[in-house]
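Worksheet: the structure to be examined is printed underneath.
The values are calculated or read from the model by the stated rules, or taken from the named source; none is laboratory data. Every value quoted in this text rests on a predicted model; they were computed, and no experiment measured them. Don't worry about glycine lacking a Cβ; one is built from the backbone with ideal geometry, like all the others, and counts go over all protein chains shown.
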């Protein structure tokens with residue numbers, strides 16, 4: 001059985017003063033709205049490190065310490081730190097919370113981070129989920145609570161990531177650029193103008209997942225020659241250590257707003273994320289890094305709800321999941 005790590009933090013965090021405190025809780029809405037865009041935020045290119053899979057990490061400083069390697073996860077609405085790092089830095093406890101992942105809902109501790117520096121403008125007073133490093137695969141996770149008013153740009157040729165204000169110029173005039181309009185739900189960007197083998201599908205952008213994940217509703221819609229390769233059972237692991245199994249197969253063709261992908265590797269499973277987004281009965285796909293890395297450049301704009309890519313020089317994109325030998 002192949003093991004694939006999928007970092008999918010859900011949208012709802014319900015916190016209390018402590019996990020053992022009174023039943024009364026306060027809902028912590030990590031993405032309650034888009035704040036005013038800071039026009040003075042400075043652009044900074046961060047050279048990212050490719051871990052043992054296709055997910056990306058960038059250097060982050062916490063209250064002046066570091067840098068530490070954090071995963072960039074556009075599917076996570078809450079930033080997280082590893083339990084080991086929280087202990088080393090003696091971070092103050094911020095109580096507890098319920099965390100939604102692909103495997104379900106878990107109670108987790110949270111820690112108060114006084115300052116987090118991803119770019120030249122530090123974020124202040126962040127309450128981060130505390131998770132085991134072995135489950136994260138890094139020192140922490142950068143979620144959309146830090147990115148929601150800005151734009152994340154990946155340049156896979158130069159191996160850099162840029163964090164810029166949403167209104168800053170980008171590569172929109174570069175040859176091969178395609179722009180897809182998205183909508184936001186629970187902090188995530190969702191594209192509805194998409195088809196899998198000419199059949200409608202809802203696509204959720206998720207840079208925290210190593211492989212794309214489809215729900216059973218999508219699999220039922222594509223049963224037959226639309227799915228290729230012998231079925232193989234794989235195991236997905238969430239950031240809280242929960243494991244779920246799925247069927248590893250290939251979709252012949254996926255079109256996202258005019259962007260065509262061929263032979264896309266997908267794991268079909270009953271992930272809790274689909275239920276959380278109200279998509280359990282709608283054919284849906286979490287678009288992971290095995291697909292996103294197929295492009296020359298990628299821009300994910302949360303404030304303007306746009307997904308922009310620059311196609312590579314070759315006209316036909318064929319995507320495959322990261323080599324199983326590296327897992």
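Need at least 2 residues that are more than 21 Å from residue 236 (Cα to Cα) and touching a helix residue (DSSP H, G or I) at 6+ places or on another chain (Cβ under 9 Å) per element, so show me which strands (runs of 3 or more DSSP E) inside the stretch 58-107 make the cut, counting only ones lying wholly within it. Spell out how you get there, then give the answer.
Numbers: elements: 65-72, 80-82, 92-101.
Once the strands (runs of 3 or more DSSP E) in the stretch 58-107 are filtered for at least 2 residues that are more than 21 Å from residue 236 (Cα to Cα) and touching a helix residue (DSSP H, G or I) at 6+ places or on another chain (Cβ under 9 Å), what remains is 65-72.
Residues being touching a helix residue (DSSP H, G or I) at 6+ places or on another chain (Cβ under 9 Å) and farther than 15 Å from residue 255 by Cβ: count how many of those fall in the stretch 189-204.
The number of residues fulfilling the criteria is 1.
For the stretch 141-166, name all the residues that are assigned to a loop (DSSP other than H, G, I, E, B) and closer than 23 Å to residue 82 by Cβ.
As a first pass, look at the stretch 141-166 and keep what is assigned to a loop (DSSP other than H, G, I, E, B): 143-149, 156-159, 166.
Of everything in the stretch 141-166, those that are assigned to a loop (DSSP other than H, G, I, E, B) and closer than 23 Å to residue 82 by Cβ turn out to be 143, 144, 145, 146, 147, 148.
Looking at (1) assigned by TED's automatic domain parsing to the domain that holds residue 82; (2) under 24 Å from residue 259 (Cα atoms), which is the only condition residue 142 fails?
Here residue 142 clears every test but (2).
Can you tell me which of 263, 247 is more than 27 Å from residue 134 (Cα to Cα), assigned to a strand (DSSP E or B), in the same structural domain as residue 204 (by TED's automatic domain parsing) and touching a strand residue (DSSP E or B) at 6+ places or on another chain (Cβ under 7 Å)? Before you say what the answer is, go through the steps one by one.
Numbers: 247 fails: more than 27 Å from residue 134 (Cα to Cα).
Going through 263, 247 in turn, the sole match is 263.
For residue 240, which of the numbered conditions (1) in contact with a helix residue (DSSP H, G or I) (Cβ under 8 Å, 6 or more places away or on another chain); (2) modelled with pLDDT of 90 or more fails to hold?
Failed condition: (2).
Given the condition crowded, with 16+ Cβ neighbours inside 10 Å, more than 21 Å from the chain's Cα centre (by Cα) and in a strand (DSSP E or B), answer yes or no: does some residue in the stretch 167-177 qualify?
yes
Within the stretch 238-260, identify whether any single residue is under 24 Å from residue 149 (Cα atoms) and surrounded by 15 or more Cβ atoms within 10 Å (Cβ to Cβ), and answer yes or no. Break it down stepwise before answering.
Step one: of the stretch 238-260, the residues under 24 Å from residue 149 (Cα atoms) are 256-257.
Then keep just the ones that are surrounded by 15 or more Cβ atoms within 10 Å (Cβ to Cβ); that gives 256-257.
Yes, some residue in the stretch 238-260 is under 24 Å from residue 149 (Cα atoms) and surrounded by 15 or more Cβ atoms within 10 Å (Cβ to Cβ).
Whether any residue in the stretch 212-224 is crowded, with 16+ Cβ neighbours inside 10 Å, within 20 Å of the chain's Cα centre (by Cα), in a loop (DSSP other than H, G, I, E, B) and in the same structural domain as residue 273 (by TED's automatic domain parsing) is what I want to check.
Yes, some residue in the stretch 212-224 is crowded, with 16+ Cβ neighbours inside 10 Å, within 20 Å of the chain's Cα centre (by Cα), in a loop (DSSP other than H, G, I, E, B) and in the same structural domain as residue 273 (by TED's automatic domain parsing).
Please state which one of 134, 138, 129 is modelled with pLDDT of 85 or more and in a helix (DSSP H, G or I). Outline the logic, then answer.
Values: 138 fails: in a helix (DSSP H, G or I); 129 fails: in a helix (DSSP H, G or I).
Answer to the check: 134.
Hey, any hits in the stretch 289-307 for a residue that's more than 19 Å from the chain's Cα centre (by Cα), modelled with pLDDT of 90 or more and crowded, with 16+ Cβ neighbours inside 10 Å? Don't jump to the end; show me each part of the working.
Step one: of the stretch 289-307, the residues more than 19 Å from the chain's Cα centre (by Cα) are none.
No - not one qualifying residue is present in the stretch 289-307.
Just a yes or no: is a residue in the stretch 281-288 surrounded by fewer than 17 Cβ atoms within 10 Å (Cβ to Cβ), under 18 Å from the mean Cα position of the chain (by Cα) and farther than 16 Å from residue 192 by Cβ? Lay out the reasoning, then the answer.
First, pick out the residues of the stretch 281-288 that are surrounded by fewer than 17 Cβ atoms within 10 Å (Cβ to Cβ): 281-282.
Next, from what is left, pick out any that are under 18 Å from the mean Cα position of the chain (by Cα): none.
Within the stretch 281-288, none of the residues are surrounded by fewer than 17 Cβ atoms within 10 Å (Cβ to Cβ), under 18 Å from the mean Cα position of the chain (by Cα) and farther than 16 Å from residue 192 by Cβ.
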